[in-house]
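Input: a single structure, listed below in structure tokens.
The values are calculated or read from the model by the stated rules, or taken from the named source; none is laboratory data. In this text, all values refer to a predicted model and were calculated from it rather than measured experimentally. Cβ atoms come from the backbone with ideal geometry, glycine included; neighbour counts cover every protein chain shown. Just so you know, the surface numbers come from the protein's heavy atoms only, side chains and all, with ligands and any DNA or RNA stripped out. Shrake-Rupley method; radii C 1.70, N 1.55, O 1.52, S 1.80 Å.
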Amino acid sequence: MKAYVDKDTCIGCGLCPSICPEVFEMDDDGKAVAYNEDVSEGLVDSAKEAEESCPVAAITVE
Ligand code: SF4
């Protein structure tokens, strides 16, 4: 699966890296980035949780 963050939508709340630090981190611009966009099987659940928890639906995991 692949993870993406729409930086135009992200409000930089910091939630996704706290839920799934193996996939998401905060970038220098204060927005999140999926630095590990190829989500391995063992990380799908937490990446999906981050997707569902994002307050502005900026994350796509598919
Ligand atoms: S949870 Fe959503 S709004 Fe918050 S940092 Fe992550 S992508 Fe941005």
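At a glance:
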read-out: Approximate spin-label separation THR9-THR60, in nm, with each point projected 7 Å along Cα-to-Cβ; value: 0.8 nm
read-out: Cut-off under 5 Å, modelled amide H: who pairs with ALA32 long-range; value: GLY12, ASP27
read-out: Accessible surface, the chain, averaged per residue in Å² (probe 1.4 Å); value: 57 Å²
read-out: Degrees between helix 44-53 axis and first principal axis of the chain (Cα, 0 to 90, nearest 10); value: 30 degrees
read-out: All aspartates and glutamates inside 16 Å of LYS48 as judged from Cα atoms, apart from same-chain residues fewer than 8 positions distant; value: ASP6, GLU22, GLU25, GLU37, ASP38, GLU62
read-out: Quarter of Cα convex hull surface for segment 3-61, i.e. mean projection, nm²; value: 3.2 nm²
